[in-house]
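**Q** My questions will all concern the structure given below.
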Amino acid sequence: MTAIYGHRGAMGVFPENTLPSFEEALSNGVDGIELDVQLTKDHQFVVMHDPTVDRTTNGTGHVKDKTVKELKELSAGIPFTHLDNYCEADWKGITVPTLAEALELMAPYQIEVNIELKPNLSETEGIEKLLLDSVRPFQHALTLNYSSFHLPLIQRLRQLDKNIELAWLVKHEIPYPADYLATNRINLYHLSKKLALKERSTFDEEGLVQQSRIWTVNEPEEVKGLLKKKVKAIMTDFPEMALRIRKQQGNI
């Protein structure tokens with residue numbers, strides 16, 4: 001079965017990487033959730049895509065220069081006026097969640113969780129061990145996997161743990177992609193939908209598309225096409241839509 005992952009929760013309808021966004025995805029019945037992490041000044045992981053808070057909160061500045069307490073004083077809901085169900089009264093109080101808060105919310109659902117490490121995290125020595133230590137309390141309740149565009153981050157995670165599942169995020173063609181997986185001891189690719197939907201690609205030629213998770217798939221026809229390809233997982237901003245299509249196609 002092709003798994004359906006909520007991309008940053010259900011960011012097509014709720015503020016991305018927030019607890020309400022994750023709650024929406026969980027209520028839809030997702031198989032997994034994708035989220036991003038950044039590190040604070042006081043060395044805590046928070047769930048945020050960008051290295052700065054400017055785009056997704058009403059604050060400014062780098063996450064690494066702020067403590068969790070300072071981040072909690074910002075609104076992670078106010079900037080999302082473009083979403084159809086925006087409600088300032090309700091969303092003003094939405095805050096930036098810590099990674100622990102997000103995983104605690106998801107733990108009872110026993111789903112898969114993909115934690116993406118942004119390339120800027122490589123600036124902090126020992127970041128990989130710090131992350132693995134921080135998620136240890138949740139590893140029995142959740143199936144955790146890790147991804148990044150930055151290959152050295154993935155390689156250092158593998159050096160620390162030979163058993164975790166690692167994925168390399170890729171949006172361009174590369175020659176002989178299976179060789180990269182084998183040489184770097186990476187489990188699978190997270191491919192852009194443009195690569196996965198191409199009639200011919202190096203990934204398709206080596207049978208890797210079916211083994212990959214695909215991002216970010218928001219059009220119904222794209223979901224249908226990838227379900228037919230029987231890819232490992234589809235990551236989408238609209239998990240309710242993708243789950244409905246999967247059920248209609250009998251890929252339950």
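The values are calculated or read from the model by the stated rules, or taken from the named source; none is laboratory data. Everything quoted here is computed from the prediction, not taken from an experiment. When we count neighbours, we look across all protein chains shown, and the Cβ atoms used for this are built from the backbone with ideal geometry, even at glycine. All accessible areas refer to the heavy atoms of the entire protein, side chains included, with ligands and DNA or RNA removed. Shrake-Rupley method; radii C 1.70, N 1.55, O 1.52, S 1.80 Å.
**Q** What residues of segment 146-171 lie in the reach of a label at Thr202, counting those whose backbone N is under 13 Å from a point 7 Å from the Cα along Cα→Cβ?
**A** Residues 170-171 fall inside that zone.
**Q** So, by mean Cβ neighbours within 10 angstrom, what's the order for 113-123, 96-106, 1-11, 28-38 with the highest one leading? Please report the intermediate quantities before stating the final value.
**A** On the way: 113-123: 19.3, 96-106: 20.8, 1-11: 24.5, 28-38: 23.0.
Answer by packing, highest mean first, reads 1-11, 28-38, 96-106, 113-123.
**Q** Can you pull the percent of segment 3-251's accessible area that's carbon plus sulfur, 1.4 Å probe, other chains left in place? The partial results should precede the final answer.
**A** Working: 5660 of 11580 Å².
Summing carbon and sulfur atoms, their accessible area is 49 percent of the total for segment 3-251.
**Q** Okay, moving on. Whole number please: convex hull volume per residue, Cα atoms of segment 136-222, in Å³.
**A** Details: hull volume 9.9 nm³, N = 87.
Hull volume normalised by residue count: 114 Å³.
**Q** To continue, here is another question. Compute from the Cα atoms of segment 4-119 the Rg and the Dmax, the latter being the longest Cα-Cα distance, and quote both in angstrom.
**A** 13.2, 36
**Q** Spin-label point model (7 Å from Cα, Cβ direction): what's the Glu73 to Asn218 distance in nm?
**A** For the pair Glu73/Asn218, the computed spacing is 3.3 nm.
**Q** May I pose another question? Assigning unit charges at the beta carbon (Lys, Arg +1; Asp, Glu -1) and nothing else, what dipole magnitude in debye, to the nearest 20, does segment 3-251 show about its Cα centre?
**A** On the way: 29 positive and 36 negative charges, 128 e Å.
So the dipole magnitude of segment 3-251 works out to roughly 620 debye.
**Q** Let me ask something additional. Only Cα pairs under 8 Å and at least 6 apart count here; give the relative contact order of segment 3-251 as a rounded whole percent.
**A** Working: 508 pairs, mean separation 47.9, N = 249.
Reported relative contact order: 19 percent.
**Q** Taking every DSSP beta bridge with both residues inside segment 3-251, roughly what % is antiparallel (nearest 5)? Let's see the in-between values first.
**A** Details: 5 of 36 bridges.
That works out to approximately 15 percent antiparallel.
**Q** Give me the three principal axis extents of the chain from the C-alpha atoms, as integers in angstrom, largest value leading.
**A** That works out to 50, 42, 32 Å along the principal axes.
**Q** Kindly rank 235-243, 162-170 from highest to lowest mean number of other beta carbons found within 10 Å of each residue.
**A** Highest-to-lowest ranking by the protection proxy: 235-243, 162-170.
**Q** While we're looking at this one, here's another question. Once every DSSP H run of n ≥ 4 in the chain is given -39500 (n - 2.57) and the sum is divided by its residues, what mean residue ellipticity at 222 nm do you get, rounded to the nearest 500 deg cm²/dmol? Before the final figure, lay out each step's value.
**A** Working: 11 runs with 83 residues, N = 252.
Result for the chain: -8500 deg cm²/dmol, rounded to the nearest 500.
**Q** Under a 1.4 Å probe, what is the accessible area of the chain per residue, stated in Å²? Mind showing how you got there, number by number?
**A** On the way: 11840 Å² over 252 residues.
Computed with neighbouring chains in place, this is 47 Å² per residue.
**Q** Number of Lys-Lys pairs in segment 24-150 under 20 Å by Cα, sequence gap 8 or more or different chains?
**A** Taking segment 24-150 as the scope, the lysine pair count is 14.
**Q** Lys/Arg Cβ at +1, Asp/Glu Cβ at -1, dipole of the chain taken about the Cα centre: which of Tyr5, Asn17, Gln44 is farthest positive-ward?
**A** Sorting the options by dipole projection puts first Tyr5.
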